[in-house]
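Here the structure is laid out as structure tokens; the discussion comes afterwards.
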Amino acid sequence: MPHFLRFALIFIAFCAVSVSATAKKPSKKRAPAAAEASAPAESRLYASRPDAMQFADDLAQRRDLDPAWVRAVIGRASFLPQVPRLMLPAPRGTAKNWRAYRARFVEPVRIRAGVRFWNDNAAALARAEQEYGVPQDIIVGILGVETLYGQHTGNIRVLDALATLAFDFPEAHPRAAERQAYFRGELEQFLSLAHRSSSDPFEPRGSYAGAMGLPQFMPSSWARWAVDFDGSGHIDLFGSAADAIGSVASYFIGHGWQPGLPTHFPVHFDATRLDLDALLAPDILPSFSVSSMAARGALVEGAGAAYGGKLALIELENGGDAPSFVAGTDNFYAVTRYNWSSYYAMAVIALGQAVAAARGGESLRGQ
């Protein structure tokens, strides 16, 4: 069994035990052999960084871990100079283009792969929809956009990615302090679980942000939302499509998904009373009733005209052409909890619909 797969199995199996009210604290132990592995170039290592070593000591105290082990592991984490640059938002004035963004994901190769994945995992997808109420096409859309159904899970060492973002998050980012704190928490979660499971923290590979497996879960999401959906007794998001499917459904329910509710409705404008600034002010957060949207000049169409919940006006820019608009429900907002972008959410929805259509099925998502 590959080392990274063994890590995945033990990583989450431990998590279920660690949150038990009756779990005992493990005794402190010597650093495993993995911490003695040959190191990258000294100039890139965090062993020479006082802030990283102080974080290691604080983490060890908070989590009751062996301080020598935490220092050894973090000290051998390598700074990745390309990662901070990838975290910066696009420069101001960069035109967004929904049609171009959509074309990256809703295209023949990904649709064909989605059909194969759906056919190969039809039973697990159907069971996830039945048990969680999350439609199969939404799950298929997520896994297709995230990793092309496991083909592109990332090859960056997770420890290095998380350490880089924990200690060298770019100050130019508009939310630098908040995001750096987030990644320090992810690094802490990753290391504490690796220590307690005696797994090699240098083995797992993932994205430049430290996300792992078919669904690209961060360590905290993996610990909280991942499920053993194939009944193997272990959670494996690297190698088990069923576990990935069930875990995505679990994540959505945990982030407010409402079974049976469409993600969005079509909308058109009454130019005589349109107050676009007011309608777009809440961004993707559902804030308007159908009537309050209508009062500001946005008229929800079809079944959405009778919808009783809150809506958000979603704007999708199309470069130099006129933007597209939809009225997003709480379920649209739930999709954005996976990635805080309306373009991402629409790509997930559109890919799931395209795969369902290619299989001859029908999607219940909004038009």
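The values are calculated or read from the model by the stated rules, or taken from the named source; none is laboratory data. Nothing here was measured: the structure is a model prediction, and the numbers come from that model. With ideal geometry, Cβ positions are generated from the backbone for all residues, glycine too; neighbour counts draw on all protein chains shown. Accessible surface areas use protein heavy atoms only, side chains included; no ligands, DNA or RNA. Shrake-Rupley method; radii C 1.70, N 1.55, O 1.52, S 1.80 Å.
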Long-range HN-HN contacts of residue 267 with modeled amide H, under 5 Å: 301, 327
Heavy-atom accessible surface of the chain: percent carbon and sulfur, 1.4 Å: 52 percent
Whole-number accessible area per residue in Å² for region 280-367, which is evaluated in the context of all protein chains at 1.4 Å: 40 Å²
Selection from 170, 108, 318, by position along the positive dipole direction of the chain (Cβ): 170
Alpha-carbon radius of gyration plus Dmax, which is the widest Cα pair, for region 234-284 in Å: 18.7, 59
Estimated vicinal HN-Hα couplings, Hz - region 158-172 in sequence order (Karplus 6.51, -1.76, 1.60; Gly, Pro = x): 4, 4, 5, 4, 5, 5, 4, 7, 6, 10, 9, 5, x, 5, 6
Tail beyond 22 Å, pair distance distribution of region 77-215 (Cα, percent): 55 percent
Dimensionless Rg ratio for region 106-172, taking C-alpha atoms and the 2.2 N^0.38 Å reference: 1.51
Region 219-225 - phi-based ³J(HN,Hα) in whole Hz, Karplus 6.51/-1.76/1.60, Gly and Pro as x: x, 5, 5, 4, 5, 8, 10
In Å², nearest 10: area of residue 120 left accessible to a 1.4 Å probe: 130 Å²
Principal-axis tilt of helix 176-196 within the chain, Cα atoms, nearest 10 degrees: 50 degrees
Whole-angstrom Cα spans of region 235-367 along principal axes, big to small: 55, 29, 27
Cut-off under 5 Å, modelled amide H: who pairs with residue 96 long-range: 319
Dipole in debye (nearest 20) - the chain, about Cα centre, beta carbon charges: Lys, Arg +1; Asp, Glu -1: 600 debye
Shape category assigned to region 286-332 from the gyration tensor of Cα positions, a/c cut at 1.5: prolate
Calculated Kirkwood radius over Cα pairs in Å (choose from (1) 20.2; (2) 21.0; (3) 22.1), label: (3)
Local electrostatic count, residue 79, Cβ distance below 10 Å [Lys/Arg +1, Asp/Glu -1]: 0
